[in-house]
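Accompanying notes for the structure given below.
Here, each number is a calculation from the coordinates, and none is a lab measurement. Nothing here was measured: the structure is a model prediction, and the numbers come from that model. We place every Cβ from the backbone using ideal geometry, glycine too, and count neighbours over all the protein chains shown.
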Amino acid sequence: MNFFAPFRIALRALAANTLRSILTMLGIIIGVAAVITMIAVGSGATQRVQEQMKGLGSNIMLVIPGGITAGGVRLGAQTGQGLTEEDALAIAREVPEVQVAAPSSRTGAQVVAGNTNWSTSIFGTTNDYLEAREWALSDGRAFDAADIQGSAKVAIIGQTVARELFGDVDPLDQVIRVKKIPVTVIGVLSKKGQNSMGQDQDDVVIVPISTYRNRIQGGTGGKLKRIGSISVKVREGQSMKAAEEGIKELLRQRFKVQPGAEDPFAIRNLTEILQAQEASSRIMTLLLAAVAGISLVIGGIGIMNIMLVSVTERTREIGLRMAVGARGRDILSQFLIEAVTLSLIGGAIGVLLGAIATWSVGQFAGWQVSMSVSSIFLAAGFSAFVGVFFGFYPAHRASKLLPIQALRYE
């Protein structure tokens, strides 16, 4: 036989029992479609976490006031001794692993521009916050030293605020009113998107922390410059754990915490939280793919079963081919090619159904999905492997038949 003869024979054999061939391929079709869809869903979840990590910034931690207990009642986070701007300066200066430590405070307010208004978050901080978050400006400039020292009435706004207040008009040098305080827009932030909690990070107005403290908040009593939190960015290549321990030790000294006493602050490693989510998404993707792969194995068992039936039905044909000169390896290749062809056709249909299912999940369920070429080749390659693996035994059995016995088979 020439090279193409086994393929023609395989296709004729499959076409002779079309319904049986289709039913045999169902396991492969479902398995391949399930593998592609599950990998797409899992990859989409992983990409979403990676986008959140990118939006958050790398190597970032958040220091917030801790909780207190009053009358036996635990009041929760950020109810204890407050942080100050001096604490942020001390962290940046005395903890060697820290790149920047940005003090910040936050409130909500209605912002007015002309005859348009929008409810948003007002953030008082420094340029270090933008560096910690790796948040670039799409237009305009950042705060300068005079803005921060003089409590200047200037602001940097997010993309959402710019769109809602100004539409297609350039927001730079426009005046907005924040709690009745006129503030000039000097910069527009680049787009960040949603965070891990689904909140719009672009819906924000950032002012110098001194402006927030002295003009928007109305000043604070005493000499302490209270803040809501400190965003800490650790230097690239430095240990996040070492930085966390250094910050903890420094703040305990500054707060004069006695040995064994509870910390009056909390340190949250935001990068580790998202990395744990990413690892969980990857593990879930592998588990889903493994479960879907079981369908391929079941489909392979079906192929083996049908090929054994086919060998039995065509025993006289095998004997006749051997009698006219076919060798054992010709019979082996003939039935092996039939099994692989059956598997590959099922795999091709499964790829098509998997693509449709992936699109449907993204459109109707609203999930983020990511269908890659590698997942298609993986599923198709595995289906071919299933055909070879489960088709080898029936093909080997057919190749070992004796011609005289095969011809006498009824």
Relative contact order (%) - criterion: Cα under 8 Å, at least six apart; region: the range 79-225 = 28
key: Interchain or long-range residues, amide H under 5 Å from GLN201's placed H   = GLY193, GLN194, ASN195
inquiry  = Starting from the 7 Å offset along Cα-to-Cβ, what nm value, one decimal, do you get for the label separation of LEU344 and GLU86?
reply    = 7.7
note = Between ARG235 and VAL291, the FRET efficiency computed from the C-beta separation at R0 = 45 Å comes out, to the nearest 0.05, as 0.60
ask   = What order, most packed first, do the peptides 28-37, 14-23, 312-321, 83-92 have when packing is the mean number of other Cβ atoms within 10 Å of each residue?
value = 28-37, 83-92, 312-321, 14-23
inquiry  = For a Förster distance of 60 Å, can you work out the FRET efficiency between the beta-carbons of GLN110 and LEU352, rounded to the nearest 0.05?
reply    = 0.70
key: Added length on full extension, which subtracts the Cα-Cα distance from 0.36 nm per residue, LYS256 to SER374   = 36.8 nm
request  = At 7 Å along the Cα-to-beta-carbon direction for both LEU62 and GLN149, put a label point, then send me their distance in nm to one decimal.
outcome  = 3.3
key: Residues whose placed amide H lies under 5 Å from that of ARG226, excluding near-sequence neighbours   = none
Phi to ³J(HN,Hα) by Karplus 6.51 cos²θ - 1.76 cosθ + 1.60 over the range 263-269, Hz, x for Gly, Pro = 5, x, 8, 9, 10, 10, 8
ask   = Once phi is turned into θ = phi - 60°, what whole-Hz ³J(HN,Hα) does the Karplus curve with 6.51, -1.76 and 1.60 give for every residue of the range 139-148, x standing for Gly and Pro?
value = 7, x, 9, 8, 5, 9, 4, 5, 4, 6
ask   = Suppose R0 equals 60 Å; then what is the FRET efficiency for GLU249 and LEU320 from their Cβ-Cβ distance, rounded to the nearest 0.05?
value = 0.10
inquiry  = Please list 3J(HN,Hα) in residue order for the range 176-181, calculated via the Karplus relation 6.51 cos²θ - 1.76 cosθ + 1.60 where θ = phi - 60°; whole Hz, with x for glycine and proline.
reply    = 10, 10, 10, 6, 6, 9
inquiry  = Can you give me the distance in nm between label points at LYS400 and GLU134, each placed 7 Å from the Cα along the Cα-to-Cβ direction?
reply    = 6.0
query = Under a 5 Å amide H to amide H cut-off, with H placed in plane at 1.01 Å, what residues pair with GLN99 once short-range neighbours are removed?
reply = LYS233, VAL234, ARG235
Candidate lysines - alpha carbon under 24 Å from LYS233, same-chain residues fewer than 8 apart omitted = LYS54, LYS191, LYS192, LYS225, LYS241, LYS248
